[in-house]
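Engineer: Have a look at this one.
The values are calculated or read from the model by the stated rules, or taken from the named source; none is laboratory data. Note that the coordinates shown come from a computational prediction; the quantities given were computed from them, not determined experimentally. Cβ: placed from backbone, ideal geometry, glycine included. Neighbour counts: every protein chain shown. Only protein heavy atoms, including side chains, enter the accessible area calculation; ligands, DNA and RNA are left aside. Shrake-Rupley method; radii C 1.70, N 1.55, O 1.52, S 1.80 Å.
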Amino acid sequence: MAILLVAVVLLLGCTREASYPNRPISLICPWSAGGGTDRVARQIASQLEREMEVPVNVINATGGGGVTGHTRGALERPDGYSMTMITAEINMLHWRGLTNITYRDYRPLMKVNQDNAAIFVREEAPWENLDDLEQAIRESPGSLQASGTAFGGVWHVSLAGWLLEADLPADAVTWISINGSAPSLQELMAGGVDMVVCSFPEARSLYDAGEIRSLGVMAEERLADQPDIPTFREQGYDWTSQTWRGLAVPNEVPDERYQTLLESVESVITSEEYHRFLKNSGFGSSGQSPEAFLQFLETENQTYGEIFNSQAFAEVVSQRYGPMFFPSIILALMGLIILTLLVTGSLGRRAEADDLKGIDYTHILLLVGAVIFYLLFAEYLGFILTAAFILLLLMWQFHVRWSTALVVVLVIVPLTYQLFAIYLRVPLPWGLLGW
């Protein structure tokens, strides 16, 4: 029976890998649910599901001002089952020293969208135009608060650029770091910030409801669907700013799977349904081929390098607390505790404690070895085989009857996989057999 079970498992694994795609695809979004990037990602995912005939799950991997999502996407297994909605921050984060991930860690599929920045305030705000807002900032630098994205993100840079253009310090408005436009707009309505910088589609529902007003859009010309909103240039400020969104996969995705993804994405981006979504939502259309998208990424990366390395933007790239601030506090507290134990003599072994026996060392080494084995072989064998082997080994070491151990493995491992990989959508290792 054991041989038959193994044979059936192997055959099922080979059958699953016979075609691509044959299991769910993850679409990683570095920003919060409800924002512009999330909305575009979910529209594309919905259409890709019908195009590729497998589920496409949007995963909001937020945090670190875009570091978490962009890093996770670049480091995903290059098996064609994960994509990332990269944004303009991919060309900013490494210049700020927050990550070593750049656009070079991705293989671009297509640029799918592009939008200009705009400034929004509550309907009852006292400023009627940019001149009024500039005057208020000059009278009390640092007193007004703004948000729209994380510290140093594209909307923060957009605001800082306008302040510099207006001959004001880049930090004359205090930036509140919030991961995405949707929570930023909620904070605006709650009175937590005085203004929000984001694209018009992201703020459209509140704008249409009359809850907020726009003082200007950072575009070359007025938006086609919002002709009443003046540009910054019309109000005397020579400043434009925009963001973009695009799909990319890890670098080493096999060519045949990359080509399958590209054909499906291209079919979605050029479809009438997708363009209708962009138009109805107010998003800008800016589809680009992989070659054109790569060239765009290279050019923009150089541009942002010049911007972030300039003296004028020093206030934008500097932060009061770096990414290692809180880990450093934890390490310092751990060191303080160990030092206290050493000084008070409490770190030594108690006289009444039992001596460790050989079997105790064996159990400790076995547990450590199990962790190392998982780290080394899970990607190759997959979660189910690796977990089953480790669980059998541990139960054998603790003298569990083989029949009981086999039943426990056949029940616990699949249930664990079902809970985390299927229900909670945790991306567990698939391995060569496809599970």
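Engineer: On a 0 to 90° scale, report how tilted helix 272-281 is relative to the longest principal axis of the chain, with both axes built from alpha carbons and the result rounded to the nearest 10.
Structural biologist: The two axes meet at around 60 degrees.
Engineer: Pop out the carbon and sulfur fraction of the accessible area of segment 217-271 as a percent, whole number, probe 1.4 Å.
Structural biologist: That fraction is 42 percent.
Engineer: Which of these, Gln311, Gln242, Gln288, has the largest mean-square fluctuation under a Gaussian network model of the chain (Cα springs below 10 Å)?
Structural biologist: Of Gln311, Gln242, Gln288, the most mobile in the Gaussian network model is Gln311.
Engineer: Relative to the first principal axis of the alpha-carbon coordinates of the chain, what is the inclination of helix 36-52, with its axis defined by its Cα atoms, in degrees from 0 to 90 and to the nearest 10?
Structural biologist: For helix 36-52, the angle is close to 50 degrees.
Engineer: Taking the mean number of other Cβ atoms within 10 Å as a proxy for protection, how do you rank 224-234, 188-198, 292-302, 144-154 from highest to lowest?
Structural biologist: 144-154, 188-198, 292-302, 224-234
Engineer: Now a separate question. Pairs of Cα atoms under 8 Å, at least six residues apart: use those to get the relative contact order of the chain, whole percent.
Structural biologist: 19
Engineer: Roughly what angle does helix 181-190 make with the longest principal axis of the chain, taking Cα atoms, 0 to 90 degrees, to the nearest 10?
Structural biologist: 60
Engineer: With percent of Cα pairs over 41 Å apart as the read-out, I listed (1) 13; (2) 21; (3) 32; which label goes with the value calculated from this structure?
Structural biologist: (3)
Engineer: Using a probe radius of 1.4 Å on heavy atoms only, what accessible surface per residue do you get for the chain? Whole Å² is fine.
Structural biologist: Roughly 51 Å² per residue, with all protein chains present.
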